[in-house]
Amino acid sequence: MKRNSRMPGFYKLSVADRRRAAAEALGIDVAEIEAAVEDGGLACEKADKIIENVIGTFSLPFAVALNVQVNGEDFIAPMVVEEPSVVAAASNAAKMVREGGGFIAEADDPIMIAQVQLDEVPDGARACTRIHQHASELIELGNHAVPGLCRRGGGVRSIEARDLGDGMLVVHFHVDCRDAMGANLVNTVAEAVADRVQELSGGRTGLRILSNLCDRRKVRVTCRVPTWALTTDGYNGGEVRDGIVRASRFAERDPYRATTHNKGLMNGLDAVVIATGNDWRAVESGAHAYAARNGSYSPLCVWRADGDYLVGSLEIPLSLGTVGGPSRVHDGARMGLRVANARTATELAMVAASVGMASNLAALRALATEGIQRGHMALHARSVAIAGGAIGADVERVAQLIHGLGDITVDAARRALADLAIAANSAPPPSE
Ligand code: MEV
């Protein structure tokens with residue numbers, strides 16, 4: 001079935017109707033969606049088997065980003081995030097990108113790095129040479145430790161020894177992890193090869209662990225947004241395009257701004273990472289290390305004008321998996337993977353990176369025009385209304401009242417709720 005991620009009016013539906021619409025678009029039984037996400041996707045008994053000292057579970061909103069088109073195909077991107085505006089903004093920006101042909105993404109093979117540290121190496125240059133001379137033997141030794149991965153077409157591809165000075169050496173094993181995130185596989189390889197690497201180096205083995213700077217597993221995304229699609233109420237498309245380019249240049253010159261620029265990108269990307277049960281700390285550490293690779297912290301996504309288009313380019317290391325990890329036990333994460341409907345871990349990474357790019361575009365478009373607070377506060381008012389005690393239809397009513405008053409506080413929400421109750425009690429009874 002060819003998916004369509006364009007669902008106009010989706011946001012206006014009730015939660016139950018959204019589930020039905022998503023189920024239909026994805027070809028998933030709605031009862032399966034309900035069962036997977038109803039209680040946060042993880043029963044307490046299961047949670048107790050995942051980590052230690054469990055006293056409960058902790059839910060976050062599970063939503064979907066619409067309009068996402070990557071390499072000509074539609075994806076409904078699962079997003080788990082607590083921040084208002086992020087999902088709506090990503091869907092909205094993805095729609096603009098769609099007008100220019102969608103996101104064009106490509107990715108490296110899913111290569112992770114296993115590091116073996118060596119200390120007290122008497123002759124670093126000689127040790128590097130010996131290790132490289134024994135590359136085939138070491139690769140075979142590493143592969144022997146991960147037979148399942150080799151059967152699935154992955155395994156150790158190459159090695160690299162680097163002299164770090166002062167008798168310290170590091171040997172990298174480049175492991176193709178196929179559809180796994182790969183941390184366990186890579187750590188297994190590192191431990192399996194360490195003794196032989198030690199022998200060859202004449203030194204002493206230190207750490208044996210993956211590197212989260214997975215710069216051999218990068219995703220690159222570009223998009224071309226027609227200027228007219230950027231138009232807002234008060235600004236024409238050309239003004240918005242130029243404002244976004246100026247915002248990009250600001251981030252390229254200033255690490256303080258680059259950090260916030262990248263935070264906006266990670267808003268969307270992390271939400272997909274979390275919804276699919278992936279390790280967002282690994283993704284975050286890799287992304288920011290990569291952003292600082294040239295010695296100064298830089299934006300991961302940059303924007304330029306090209307005639308009547310705004311052109312975005314993103315490059316990011318991304319270690320995501322579609323097999324193993326929490327998806328084995330977490331019903332919500334398993335459903336997130338089904339919603340994402342990516343054929344491989346690499347495709348999932350391309351979708352997640354595209355949603356990140358959409359979030360970045362949405363944030364810059366708002367910042368370059370009216371600022372983010374107006375839209376943000378309108379949504380924030382809903383959370384405040386709930387904190388003030390509103391439930392059901394009253395949430396929207398209270399949110400509108402306190403937003404209109406410009407007093408988005410829990411006290412104002414309580415007062416608005418009390419006023420609504422008084423108004424309801426004093427209303428004449430409906431006529432027969
Ligand atoms: C807020 O979560 C993200 C933004 O600050 C990103 C940005 O400034 O580009 C709006």
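The values are calculated or read from the model by the stated rules, or taken from the named source; none is laboratory data. What you see is a predicted model; the values in this text were computed from it and never measured. Cβ coordinates were reconstructed from backbone atoms using ideal geometry, including for glycine residues, and neighbour counts include every protein chain displayed. When the accessible area is computed, the model is the full protein with side chains, heavy atoms only, and any ligands, DNA or RNA have been set aside. Shrake-Rupley method; radii C 1.70, N 1.55, O 1.52, S 1.80 Å.
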Under the rule of -39500 (n - 2.57) per DSSP H run of 4 or more residues, summed and divided by the residues of the chain, what mean residue ellipticity at 222 nm is obtained, to the nearest 500 deg cm²/dmol?
-15500 deg cm²/dmol
Debye log10 I(q)/I(0) at q = 0.09, 0.13, 0.16, 0.23 Å⁻¹ for the stretch 200-318, Cα point scatterers:
-0.33, -0.62, -0.85, -1.28
Whole-Å distance linking the alpha carbon centroid of the stretch 248-275 with that of the stretch 160-178 is 30
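Please compute one quarter of the surface area of the Cα convex hull for the stretch 39-158 and express it in square nanometres.
Values: hull surface 56.1 nm².
Taking a quarter of the hull surface, the average projection is 14.0 nm².
Quick one: pull the percentage of alpha-carbon pairs in the stretch 332-386 with a separation above 14 Å. The partial results should precede the final answer.
On the way: 1020 of 1485 pairs.
Of all Cα-Cα pairs in the stretch 332-386, 69 percent lie more than 14 Å apart.
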C-alpha long axis of helix 237-253 to longest principal axis of the chain, angle in °:
40
Over 5 Å intervals from 0, what percent of Cα-Cα pairs in the stretch 143-214 sits in each interval?
3, 16, 29, 23, 16, 9, 4, 1
Run a plain Debye calculation on the stretch 108-251 (Cα atoms as equal point scatterers, no solvent) and give log10 I(q)/I(0) at q = 0.11, 0.18 Å⁻¹, rounded to two decimals, same order as the q list.
-0.52, -0.92
Which FRET efficiency value, to the nearest 0.05, is calculated for residue 391 and residue 233 with the Förster distance at 35 angstrom and r the Cβ-Cβ distance?
0.60
If one computes the Cα centroid of the stretch 63-106 and of the stretch 133-149, what distance in Å separates the two points?
40
Share of carbon and sulfur in the accessible heavy-atom surface of the stretch 109-160 [1.4 Å probe, %]
47
For the stretch 277-358, just the Cα set please: Rg and Dmax, both in angstrom.
15.2, 50
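Work the Kirkwood hydrodynamic radius out for the stretch 99-170: mean of 1/r over every pair of different alpha-carbon atoms, inverted, in Å.
Working: mean 1/r = 0.0679 Å⁻¹.
Every distinct Cα pair counted, the radius reaches 14.7 Å.
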Accessible solvent surface per residue of the chain, calculated while the other protein chains remain in place, 1.4 angstrom probe, Å²
49
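Quick one: work out Rg over Rh on the C-alpha atoms of the stretch 343-432, Rh as Kirkwood radius. Present the calculation step by step, with values, prior to reporting the outcome.
Details: Rg = 19.5 Å, Rh = 15.8 Å.
Rounded to two decimals, Rg over Rh is 1.24.
Which value in Å does the Kirkwood hydrodynamic radius of the stretch 29-95 take, with 1/r averaged over all unlike C-alpha pairs and then inverted? Intermediate values should be presented prior to the final figure.
Working: mean 1/r = 0.0709 Å⁻¹.
It works out to 14.1 Å.
Work out the P(r) tail for the stretch 1-67: percent of alpha carbon pairs separated by more than 16 Å, whole number. Walk me through the numbers on the way to the answer.
Numbers: 1232 of 2211 pairs.
Of all Cα-Cα distances in the stretch 1-67, 56 percent exceed 16 Å.
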Bins of 20 Å, beginning at zero and ending with the bin holding the largest distance: percent of Cα pairs per bin for the chain, please.
23, 49, 24, 4, 0
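For the pair residue 419 and residue 343, what calculated FRET efficiency results from E = 1/(1 + (r/R0)^6), where r is the Cβ-Cβ distance and R0 = 56 Å, to the nearest 0.05? The partial results should precede the final answer.
Values: r = 54 Å, r/R0 = 0.96.
With R0 = 56 Å, the Cβ-Cβ based efficiency is 0.55.
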At 7 Å along the Cα-to-beta-carbon direction for both residue 32 and residue 132, put a label point, then send me their distance in nm to one decimal.
5.1
